[in-house]
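Visitor: Following this message is one structure expressed as structure tokens.
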């Protein structure tokens, strides 16, 4: 009996040490990215949550707010390989995945990898590409692999897709289908800086971009170890039930035509666990679930025509769902 208690205590110590390491890694990355990105600590924190939870990010905001710079800052801070794909209407799937070509010198077919075979991918203005090209990302984002002409390749780890789109420009764009949106763990917005932040941007970028001198402060191996450490974050049964009840409530809400899928439940669960670790806790509380539900669920839901006519959107409805579902009390 005593041996069992000792083993359990040892596991707890290991888990707590793992969570402390995750929180320390997150602080280093946040501080380093903060040398370039001004006043967006909450957004940077959520980007790290998605990275640790092995999810992907859709940045939806107007041009000029730093979406591209954020993705580049993250890649440089981790020393990860980075590729930018500029999505345009004439982009074809092989431009993303790569092609097999005949090498006349060797007399054999060779694979020329596309930009998707990198660790951090910036899919810039993803909604400008045709649905056929957008679908080239589906397998990579979900299964971490790529199939080209019957040959399957494993993608490097970590693997993160940061996609951007302009929500106010409709001409020449192709709305992302539900299957594509469901692959993104989080949909985030940077938003305009306030007066003080914008003045800081002018001062910081006056002579040269701080991105040019940004140093690596962590490694991909550290990030992968931190991702594994998330398994030590406790999620009590009542909190797991809370996640399920929140997502189930979206499926029966009168204002929604399509509710959250089981992938949405997994997304809320994993991101809440990552958020707890980033904040230095070895356990998830209901507030973690509520905070992450607001970033994980809205882009996966479809508002009913009647609700849309009344000016309601998915973000408002998710907030209503969170108000209606009883919150568990943890001892």
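Just so you know, all these numbers are worked out from the coordinates, no wet-lab data involved. Keep in mind it's a predicted model, so treat the numbers as computed, not measured. A quick note on method: Cβ atoms are made from the backbone with ideal geometry, for glycine too, and the neighbour counts reach across all protein chains shown.
Visitor: Could you put 288, 313 in order, starting from the residue whose Cβ has the fewest other Cβ atoms within 10 Å?
Guide: Lowest count first: 313, 288.
Visitor: What's the center-to-center distance, using Cα atoms, between segment 65-142 and segment 173-215 in Å?
Guide: 20 Å
Visitor: In nm², what is the average projected area of the convex hull enclosing the Cα atoms of segment 158-282?
Guide: Over all viewing directions, segment 158-282 projects a mean Cα-hull area of 12.4 nm².
Visitor: Quick one, which of (1) 23.9, 74; (2) 21.2, 71; (3) 21.1, 67 is the actual Rg and Dmax of the Cα atoms in Å calculated for this model?
Guide: After the calculation, the listed value that fits is (2).
Visitor: After finding the eigenvalues of the alpha carbon gyration tensor for segment 286-331, what semi-axes result from the square roots of 5 times each, listed largest first in whole Å?
Guide: 24, 11, 6
Visitor: Taking only the alpha-carbon atoms of segment 234-331, what semi-axes of the equivalent ellipsoid follow from 5 times the gyration tensor eigenvalues under a square root, in whole Å, largest first?
Guide: Taking √(5λ) for each eigenvalue gives 25, 12, 11 Å, largest first.
Visitor: Further question on the same structure: Fewest to most neighbouring Cβ within 10 Å: what's the order for 323, 222?
Guide: 323, 222
Visitor: Next up: Using the 10 angstrom Cβ neighbour count as an exposure proxy, how do 141, 292 rank, fewest first?
Guide: Lowest to highest Cβ neighbour count: 141, 292.
Visitor: Using only the alpha-carbon atoms of segment 79-118, report the extent along each of the three principal axes, biggest first, to the nearest angstrom.
Guide: Sorted from largest, the Cα extents of segment 79-118 read 32, 31, 11 Å.
Visitor: Stretched out fully, how many nm does the piece from residue 144 to residue 219 gain, at 0.36 nm a residue minus the Cα gap?
Guide: Taking 0.36 nm per residue and subtracting the Cα distance, the gain is 25.0 nm.
Visitor: Still on this structure: Between residue 94 and residue 257, what is 0.36 nm times their sequence separation minus the Cα-Cα distance? Round to one decimal in nm.
Guide: 55.2 nm
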